[in-house]
Amino acid sequence: MTETVSQDILIIGSGIAGLRAAIEATRRSEGKLSLAVVSKVHAMRSHSVCAQGGTAAVLHADRGDSAEAHIFDTIKGSDYLADQDAAERLVVLAPGEIYQMEHWGMPWSREEDGRVAQRPFGGHSYPRATFAGDRVGFYEMQTLYDTCLRYPNIKFYHEWYVTGLVVDKEGFHGATAIELRSGNFQAFKAKAGIIATGGAGRLYAFATYSHSSTADGLAMAYRAGIPLKDMEFIQFHPTGLVPSGVLITEGARGDGGILVNKDGERFMKKYAAEKLELAPRDIVARAIAREIQEGRGLRDESGLEHVHLDLRHLGAEKIKERLSEIREVCMKLRGIDPIEQLIPVRYVCHFTMGGIHANIDGATQVKGLWSAGEAACISVNGANRLGTNSTAICLVWGGITGAAAAEYAMHHESANFPQQGVMQEEKRVYDGIFHGGGRENPYEIKHELEKTMDEYANVFRTGEGLAEALKRVRALKGRAYQHVEDKSREYNMNFVNVLELQSMLDVAETVLAGAHARQESRGAHFRTDFPKRDDTHWLKHTLAYMTTNGLRLDYCPVTITRFQPKERTY
Ligand SMILES: Cc1cc2nc3c(=O)[nH]c(=O)nc-3n(C[C@H](O)[C@H](O)[C@H](O)COP(=O)(O)OP(=O)(O)OC[C@H]3O[C@@H](n4cnc5c(N)ncnc54)[C@H](O)[C@@H]3O)c2cc1C
């Protein structure tokens with residue numbers, strides 16, 4: 001029988017959301033509950049370390065900022081698809097998270113007088129991006145990880161790949177995982193669980209995401225019967241470095257960087273006369289795409305078309321102090337020094353607004369199971385996330401779900417562990433994939449998936465293109481890629497990559513089906529055949545269910561509390 005380890009709470013994922021949840025569950029239970037934090041990469045290699053520009057919070061009311069303004073900016077930025085009660089909860093709790101992080105050792109950048117500094121960011125009406133140079137994610141992760149290490153009740157399982165959830169009609173019971181070092185398959189039994197596995201950006205080839213962002217957690221939940229919500233809303237960040245796609249933080253524009261086309265024209269004045277480069281990302285990304293489409297872009301040796309980001313006027317001192325990481329990236333990857341040269345940039349896949357359907361407390365439909373961070377769709381981001389709101393969401397809902405899972409675990413007895421579910425998963429993974437009878441090269445299938453998503457589910461979409469993409473992805477799902485050539489047990493990344501591919505194909509289908517069905521343009525989802533927002537028919541969340549008859553779409557209402565939808569101009 002498969003070995004089973006027991007703990008009170010299982011947290012899948014050790015990014016900002018997972019680590020914050022672990023700390024809060026520990027605090028809430030005064031260290032009495034045992035926790036397992038499982039991550040397919042070492043915790044400090046989680047994608048969150050990539051976050052660059054900042055974490056949103058209202059800290060300086062004396063300068064005019066207010067909770068009301070942050071709530072409104074988030075809702076307007078979301079193109080009115082955000083649940084307004086959730087946006088409000090984010091804004092109310094985010095400042096406390098900033099100060100709490102400081103108490104745990106977070107080295108926030110400061111002003112001359114010692115106040116915590118904040119920089120402007122797209123779509124925010126006041127500077128409220130709290131930052132640590134341009135390495136906010138790295139420092140937040142280090143602060144949280146160091147704090148977790150102080151608690152003996154938190155056990156880390158670094159480099160364990162979770163394959164699936166163990167749930168039944170009673171609720172959540174645990175998960176199954178492969179230890180990458182040994183290849184051993186093991187079950188984790190727990191009273192409560194939190195999925196904090198991050199986004200799905202690696203469905204696209206041109207992406208800012210870590211290569212580990214392969215939608216596993218979303219696929220696990222989807223296979224377990226939990227719907228994925230609003231998956232059609234994929235964010236394209238305006239400034240991916242060409243040709244690698246590595247992010248050039250919006251903080252660069254927040255600090256004064258401008259975008260110019262091949263004629264040196266500052267084109268954003270045509271698209272967002274007031275906010276210019278600091279309009280929300282969906283608007284700036286579309287502006288860049290239009291400039292390129294209309295022949296005012298440039299072509300890189302790689303063949304990729306782009307525009308330029310100009311930071312030269314900021315001066316060497318500011319660039320070295322506040323944007324040192326992106327300077328290093330430009331120099332190392334392009335041989336360009338932004339102090340003296342223009343940076344070639346284009347829109348790039350950056351964030352998954354949709355995710356596991358969860359309520360305002362992060363609870364899923366499965367009893368005892370929560371979701372937090374980018375994996376969850378609470379929904380604060382609606383159709384378009386504002387920059388710096390994600391790390392704030394990870395901290396806030398890491399805290400909320402950690403506390404809720406702890407309360408649940410303290411007041412529930414351990415149920416019988418359904419070994420049947422573990423056996424079924426072992427069969428799916430080993431008989432179906434490791435010893436699968438496929439003949440096709442899974443890496444070619446992955447390449448075709450990325451090509452399809454880049455081509456048809458990008459900044460501009462059409463019904464025809466999305467129908468073609470759906471046809472292709474469904475065909476890819478049916479191709480015989482389920483096999484592993486390398487049969488070794490230790491660090492078998494070939495095996496992991498095939499498991500990840502299966503997740504990505506399932507999740508890609510939900511993105512395309514949601515986008516094909518949604519006959520309107522809202523936030524990051526822009527249909528050239530339906531270029532207007534249509535509140536009468538589409539002011540609602542999409543829910544994608546996996547059923548025995550294939551994918552089924554359903555819808556649920558948006559929570560509107562105080563801001564009625566109106567036209568969105570910047
Ligand atoms: C380049 C870049 C810069 C960004 N900058 C900012 C910023 O400045 N401000 C901001 O607010 N947002 C920013 N974002 C977005 C933000 O970084 C992410 O949304 C956020 O860090 C996600 O954190 P998370 O905790 O939800 O998940 P992640 O950090 O993505 O962590 C996911 C975890 O799940 C684990 N996992 C996944 N699958 C499995 C599996 N099958 N088994 C076991 N473990 C698994 C991973 O190992 C990892 O530990 C940026 C994004 C990018 C791409």
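The values are calculated or read from the model by the stated rules, or taken from the named source; none is laboratory data. Just so you know, these numbers come straight off a predicted model, no measurement behind them. FYI the Cβ positions are ideal-geometry reconstructions off the backbone, even for glycines, and counts take in every protein chain you see. Surface areas here come from the heavy atoms of the whole protein model, side chains and all, with no ligands, DNA or RNA. Shrake-Rupley method; radii C 1.70, N 1.55, O 1.52, S 1.80 Å.
What the table shows:
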| read-out | value |
| --- | --- |
| Segments classed as strands (runs of 3 or more DSSP E), wholly inside the range 161-213, with at least 1 members that are surrounded by 24 or more Cβ atoms within 10 Å (Cβ to Cβ), away from the ligand (no atom under 12 Å from the Cβ) and among the aromatic types (Phe, Trp, Tyr) | 171-179 |
| PRO152 being touching a residue at least 24 places away in the same chain (Cβ under 8 Å), surrounded by fewer than 24 Cβ atoms within 10 Å (Cβ to Cβ), touching a strand residue (DSSP E or B) at 6+ places or on another chain (Cβ under 7 Å) and not in a strand (DSSP E or B) | no |
| Total residues in the range 80-101, condition of a type outside the set (Gly, Ala, Ser) and open to solvent by 10 Å² or more (accessible area, probe 1.4 Å) | 10 |
| From the options HIS313, HIS308, residue that is open to solvent by 30 Å² or more (accessible area, probe 1.4 Å), out of contact with any Cys (no Cβ under 7 Å at 6 or more places or on another chain), closer than 23 Å to GLY53 by Cβ and assigned to a strand (DSSP E or B) | HIS308 |
| Checking HIS237 against (1) assigned to a loop (DSSP other than H, G, I, E, B); (2) closer than 20 Å to ARG346 by Cβ; (3) open to solvent by less than 10 Å² (accessible area, probe 1.4 Å), the condition it does not meet | (1) |
| Residue identified as over 26 Å from GLN118 (Cα atoms) and within 16 Å of the ligand (Cβ to nearest atom) among LEU333, LEU309, LEU247 | LEU333 |
| For LYS262: the one exception among (1) over 22 Å from the mean Cα position of the chain (by Cα); (2) within 22 Å of ASP73 (Cα to Cα) | (2) |
| Matching strands (runs of 3 or more DSSP E) fully within the range 1-114 where at least 3 residues are within 11 Å of the ligand (Cβ to nearest atom) | 9-12, 35-39 |
| Considering residues of the range 248-286 that are without any contact (Cβ under 8 Å) to a residue 40 or more places away in the chain and not in a loop (DSSP other than H, G, I, E, B) only, the residue surrounded by the most Cβ atoms within 10 Å (Cβ to Cβ) | MET268 |
| Qualifying residues in the range 360-375 (those that are over 22 Å from ALA67 (Cβ atoms) and open to solvent by 10 Å² or more (accessible area, probe 1.4 Å)) - the one farthest from the ligand (Cβ to nearest atom) | LYS367 |
| Flag if LEU449 is within 16 Å of the ligand (Cβ to nearest atom), open to solvent by less than 40 Å² (accessible area, probe 1.4 Å) and more than 19 Å from THR176 (Cβ to Cβ) | no |
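Matching residues to (1) open to solvent by 10 Å² or more (accessible area, probe 1.4 Å); (2) within 25 Å of ASP134 (Cβ to Cβ); (3) touching an Asp or Glu at 6+ places or on another chain (Cβ under 9 Å):
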{"site": "VAL41", "(1), (2), (3)": "yes, yes, yes"}
{"site": "MET44", "(1), (2), (3)": "yes, yes, no"}
{"site": "THR55", "(1), (2), (3)": "no, yes, yes"}
{"site": "LYS76", "(1), (2), (3)": "yes, no, no"}
{"site": "HIS103", "(1), (2), (3)": "yes, yes, no"}
{"site": "GLU112", "(1), (2), (3)": "yes, yes, no"}
